[in-house]
Ligand code: CTP
């Protein structure tokens, strides 16, 4: 994202204040952001707010001070994407009908960049057939139009019309800016912990938050992949665009993974599967009694090892994760060989800044041919992109060797 340029166009609706958060998120992503505002938008939020957040001059007048000459042409042609957020009914109508009577509308009409429109208005306005027709016209031009959120609106009514959350708009921006290098590729990701019941109220689980697996699924969708996400219980919402299968136990996860593996080009097992489960799950709550009790555990199926064993039946690039607290490299290499993997992502889960529950990860990628790649400390989103880059390269090399079959 570091080389990408985005123009944020703010028009005159109450949700203009949310555009400030959007600009902050885009800048945090490393994107170079310029902001253009309509005159009405300046009544809701001052240009100074956006100037401070973007670190750049904000344009809100067509015939402003010296130096703005031709900016209305250049901005939409130098950038990768224009995001109109919020997009009012009036501004949507102007874009649909080619009216260029201020800086932002002229910039849009001269643009060669992709355009993302984020409508926000009163629900009756949004449902008005004129607005819907205008939005249809924009979609026909292959512009991306986000559906507004539903709920309480500033005008006191309820319905569709809320500006989508800035984090959701950011995800769309990432998708539009990403190289679609996984188009046509089917990827299965498993994520999260498994949960092994002891009785109706107790279970055994582990500290996996699912963040790494969900980051992989999100990045793969963004890059155009067809993604199946099989996940144990987590607090995360499944990324939009994935085919989602929630599961609980290791056995359910095994069944679901095997039912969905056919036709997958890449399978990534980021789940923290419980190695053992209680021998039996008793039907009633276990009552307090003896001073000590013991729980007998039996081994769960090793899903990844079974996938590796039967790889010839469903050829794919098979990627595992190794959660280690000691001898990271040696243990990861052992697992790679034992489970017949193409790559294993090893991480030290004893650190505070990597592994379970964190937003960052420090990983070593270990390959079948003995190569080891040490990645620097990265966010889980960045690790996801790196893992997908390498998995895609392995797939291409494999296709090259097998003559495309
Ligand atoms: N895995 C699996 N099924 C299991 C256990 C692990 O599919 N029953 C997968 C995990 O999803 C991960 C890889 O195997 O991709 C390695 O998991 P990890 O917990 O690091 O290792 P284990 O094989 O369980 O070995 P150990 O717990 O002894 O380190």
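The values are calculated or read from the model by the stated rules, or taken from the named source; none is laboratory data. Since the model is a prediction, treat every value here as computed from it, not as a measurement. As a convention, Cβ positions derive from the backbone with ideal geometry for all residues, glycine included, and neighbour counts pool all protein chains shown.
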**Request:** Evaluate the following for residue 294: is it over 21 Å from residue 207 (Cα atoms) and either outside any strand (DSSP E or B) or in contact with a strand residue (DSSP E or B) (Cβ under 9 Å, 6 or more places away or on another chain) (or both)?
**Result:** yes
**the range 299-326, subset touching a residue at least 24 places away in the same chain (Cβ under 8 Å) and part of a helix (DSSP H, G or I), residue farthest from the ligand (Cβ to nearest atom)** = 311
**Message:** Test of understanding: among 145, 173, 131, which residue is under 30 Å from residue 395 (Cβ atoms) and outside the structural domain of residue 227 (by TED's automatic domain parsing)?
**Reply:** 173
**Fill in**
Counted residues in the range 5-17 being more than 17 Å from residue 79 (Cα to Cα), out of contact with any helix residue (DSSP H, G or I) (no Cβ under 6 Å at 6 or more places or on another chain) and in contact (Cβ under 8 Å) with a residue 60 or more places away in the chain come to 3
**Selection count where residues are in contact with a helix residue (DSSP H, G or I) (Cβ under 6 Å, 6 or more places away or on another chain) and closer than 17 Å to residue 374 by Cα, scope the range 312-341** = 4
**Request:** Inspect all residues belonging to the range 231-243 and state whether any of them is surrounded by 19 or more Cβ atoms within 10 Å (Cβ to Cβ) and touching a helix residue (DSSP H, G or I) at 6+ places or on another chain (Cβ under 6 Å).
**Result:** yes
**Request:** Give the number of residues within the range 116-140 that are closer than 29 Å to residue 5 by Cβ and in a helix (DSSP H, G or I).
**Result:** 7
**Request:** Give the number of residues within the range 137-153 that are over 26 Å from the mean Cα position of the chain (by Cα) and surrounded by 13 or more Cβ atoms within 10 Å (Cβ to Cβ).
**Result:** 2
**Request:** Give the residues of the range 277-307 that are under 19 Å from residue 199 (Cα atoms) and surrounded by 11 or more Cβ atoms within 10 Å (Cβ to Cβ), sorted by residue number.
**Result:** 277, 278, 280, 281, 282, 285, 286, 295, 297, 300
**Message:** Every residue in the range 243-278 that is more than 26 Å from residue 298 (Cβ to Cβ), more than 12 Å from the ligand (Cβ to nearest atom) and touching a residue at least 40 places away in the same chain (Cβ under 8 Å), please.
**Reply:** 262, 263, 264, 265, 266
**Prompt:** Are any residues in the range 327-366 touching a residue at least 24 places away in the same chain (Cβ under 8 Å) and within 10 Å of the ligand (Cβ to nearest atom), and if so, which ones?
**Reply:** 332, 336, 338, 339, 341, 344, 345, 346, 347, 349
